[in-house]
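Heads up: the structure comes next, in structure tokens.
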Amino acid sequence: MNSLWNVAAAFAAGAAAMYCAERAVARWRPGPQSLTDAQLCEHIKARLPDLVSQPDAIDIEVHAGIVRVAGRVPADERSGLLMRLTDMPGVRMVRNAVSSSDEIEPGILRV
């Protein structure tokens, strides 16, 4: 009975790994739904009111799927903003130039 559970656990782990790998590959694979940099920028700007309390304080630039986000946000919103940006379709990388009251140094998040 124990070996049956091991097989089931291995199957579930393999399925989860394949799902994650497919999501990662899909980000880099051009598809018919690929957005231009201008479309991606507009999509991100449209979503900003859902992501931060002061969307007008954020500047977004996109070049080849690499998003540069700059501006000032409350410290408790910073990491959520960056993580949601990395999860958006078409975003290959996020360059962080956002400052907060914590004065965390800007950096790069790889997707």
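Remarks
- Among Ser53, Ser3, the order by Cβ neighbours within 10 angstrom, fewest to most, reads Ser3, Ser53.
- Karplus-based coupling profile of segment 11-22, in residue order and whole Hz: 4, 5, 5, x, 5, 5, 5, 5, 4, 5, 5, 4, with θ = phi - 60° in 6.51 cos²θ - 1.76 cosθ + 1.60 and x standing for Gly or Pro.
- The amide H of Ser99, built 1.01 Å from its N in the peptide plane, has Gly71, Arg72, Val73 as neighbours under 5 Å, considering only residues 5 or more places off or on other chains.
- Ranking of Thr86, Thr36 by neighbouring Cβ atoms within 10 Å, starting from the fewest: Thr36, Thr86.
Where a number appears in this text, it was derived from the coordinates with a stated rule and is not lab data. This one's a predicted model, so the numbers in the text were calculated from it and none came from an experiment. Using ideal geometry, Cβ is built from the backbone for each residue, glycine included, and neighbour counts are taken over all protein chains shown.
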